[in-house]
Amino acid sequence: MPATLRTPFIPRVLRGVPALAVLLGLVAAGISWIGSAIPSFWFDEIATLMAARLDGPGLWQFLQHKDAVHGLYYALIHFWIQAFGDSQVALRGFSALAVGLGTAGLMVLGAKLAGPRFGVIAALIYLVLPRTTFMGIEGRSYALGAALVVWGVIALISAARRNTWWSWALYTVVTIVTIYLFMYAGLILAAHLAYLLFAHRDRRTLLRWGIAVLIVLVAVIPLVRAGYGQRGQIAWLSGQPIVNAWTTLVEPWLDGSWLLAILVIVLLVIAGRRLPQILARFGTPPVALAAAWAFAPLILMLIANSLFGPLYTSRYMSFTTPGFALLLALAVSVFSRRWLVWALVAAIALASLPTYLAQRGPYAKQNGSDFLQTAQTIAEHASPGDAFFLQNDRTTTIRPRLTVDGYPAAFAGLDDIAFVRSDIERGIFNDVTLPPRKLGKRLEHVERIWVAAALRTTPEITEMKRELARHGFVERERYPLGRTVVTEYVREETR
């Protein structure tokens, strides 16, 4: 063991933990990153790229109209894509590294709570849970938000044990940053309180925590006000699946894995029957922390959803996944036979595998997004100087027009025949385009045009077909994809 880990400033229980935490973090990042180039971007990821490509003043202007609650994340991604590009591998690589950061933190946290072996078990469970592997391949803030929540709990435990002003200041700063990254993560304060009530009941600790929380609440007022002012942008939640047992008790942590759900239910039922043994072995604080972390934000969100909704969708609870991993680690660790403990961890991993593979399929993203496949088809078959027209008259999240915003390199050298302007700085994710009936002059010098449209014809595409026929274009080739069809049109005399 390196000499630096033998210093008296590192508790015996944590000696060797930093190196192991880093190793597990790298493994978790690698597992999450595998297959990141396969699934197409979907709307939310394209929205991330559109906002993150803006310069500083442009992004600030955008946030006055839309997504103020994601401003910090967009700013971070702006610098990330400046350094590493905006490909799927690059954008999702940021989230994969965040999963690694969260896994490493959970190893450290578990070691603080119940020893290094428990930390390893919790970290291993966390890195294979379907919600974690979803976060690691998603170009949104969920993975980093979950990681910061983990390190916020570590900061809380350190502050409660040391009770120094600087440790509480660190906890306060981490909590503020976490909430600015993902506003709903502020609900983790309920779990913080639950832990303190069982681990540190003295007035001095609770008073300092209360002061820290008061500072946090004051600091996030601008974010909450901005989020409330833009609350209309989550009105789409009213069209999401109803709130039921599956969407609230399975999807937040297990995504769509029914196989893992069965295993988890069995484990938690056994753990419930053995709760006295768990409490005797690990003490009340870790159990209270894990349970409150997993369920308190969910309960509070569901209450708010019923009173002020719609507010809830399962992925918004991603930051509770580390707490759920702790809960499962407690459930499997109660068994006295070590081989059985590791067998159960392996069983969790195996039960998660089908969902992991499904998450990395070509059409794995929301509603079978095929923006990538659309871009690849046009890039593979089009020639420089060809024109393209991408349907722009369906719902925001699935219109083919978003393809050019997600994969602009695929359209290099081609004529974006209908484009007028981008209104992204005004908070509008949809480009302004000309209707087909006004494309007459722009079509005069075009010999071949590529049209991407939904499989079900829309009024815009019907009008586009009439306009192309009027200008002498005929269909030459069709390329049906997941939910989009790419069609090649050429002038009749050039067939």
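The values are calculated or read from the model by the stated rules, or taken from the named source; none is laboratory data. Predicted model only: the values in this text are computed from it and were never measured. Cβ placement follows ideal geometry from the backbone for every residue including glycine, while neighbour counts extend to all protein chains displayed. The accessibility values were calculated without ligands, DNA or RNA, using every heavy atom of the protein model including side chains. Shrake-Rupley method; radii C 1.70, N 1.55, O 1.52, S 1.80 Å.
See the values below:
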| quantity | calculated |
| --- | --- |
| Accessible surface, 1.4 Å probe, highest first, among residues GLU488, GLU477 | GLU477, GLU488 |
| Using alpha carbons only: equivalent-ellipsoid semi-axes of segment 326-367, gyration tensor based, whole Å | 30, 11, 4 |
| FRET efficiency, LEU23 to ARG476 (Cβ-Cβ, R0 56 Å, nearest 0.05) | 0.55 |
| Ranking by accessible area, most exposed first, for LYS66, LYS438 with a 1.4 Å probe | LYS438, LYS66 |
| Per-residue [θ]222 nm for the chain (sum of -39500 (n - 2.57) over DSSP H runs n ≥ 4, rounded to 500) | -19000 deg cm²/dmol |
| Apportionment of accessible area to carbon and sulfur, the chain, percent (1.4 Å) | 65 |
| Listed values (i) 22; (ii) 17; (iii) 10, entry calculated as percent of Cα pairs over 44 Å apart | (i) |
| Hits among aspartates and glutamates - C-alpha to C-alpha of LYS441 under 14 Å, sequence gap 8 or more where chains match | ASP415, ASP416, GLU467 |
| Accessible solvent surface per residue of the chain, calculated while the other protein chains remain in place, 1.4 angstrom probe, Å² | 44 |
| Accessible-area order (highest first, 1.4 angstrom probe) of the listed residues TRP293, TRP339, TRP166 | TRP339, TRP166, TRP293 |
| Value of Rg/Rh across segment 402-478 [Cα atoms, Kirkwood radius] | 0.96 |
| ARG401 long-range amide H proximity, modeled H, under 5 Å | GLN391 |
| Segment 303-316 - phi-based ³J(HN,Hα) in whole Hz, Karplus 6.51/-1.76/1.60, Gly and Pro as x | 4, 4, 5, 6, 8, 10, x, x, 10, 9, 8, 4, 5, 5 |
| Sites ARG437 and GLU492, calculated FRET efficiency, Cβ-Cβ separation with R0 30 Å, nearest 0.05 | 0.90 |
| Hits among lysines - C-alpha to C-alpha of LYS438 under 19 Å, sequence gap 8 or more where chains match | LYS465 |
| Derived scalar couplings ³J(HN,Hα) [segment 153-161; Karplus, 6.51 cos²θ - 1.76 cosθ + 1.60; whole Hz; x for Gly, Pro] | 5, 4, 5, 4, 4, 5, 5, 5, 7 |
| Estimated inter-spin distance, ARG225 and ILE34, nm [label 7 Å along Cα→Cβ] | 4.9 |
| Projected label distance in nm at LEU279 and GLN233, using a 7 Å step from Cα toward the beta-carbon | 4.5 |
| Using a Förster distance of 56 Å, the FRET efficiency for ALA469-TRP339 (Cβ separation, nearest 0.05) | 0.20 |
| Full-extension gain in nm, LEU259 to LEU302, via 0.36 nm per residue minus C-alpha separation | 13.0 nm |
| Potential extension, ASP44-LEU217 segment - 0.36 nm per residue separation minus Cα distance | 59.5 nm |
| Positive-end residue of VAL341, THR321, ASN367, charge dipole of segment 315-390 with Cβ unit charges | VAL341 |
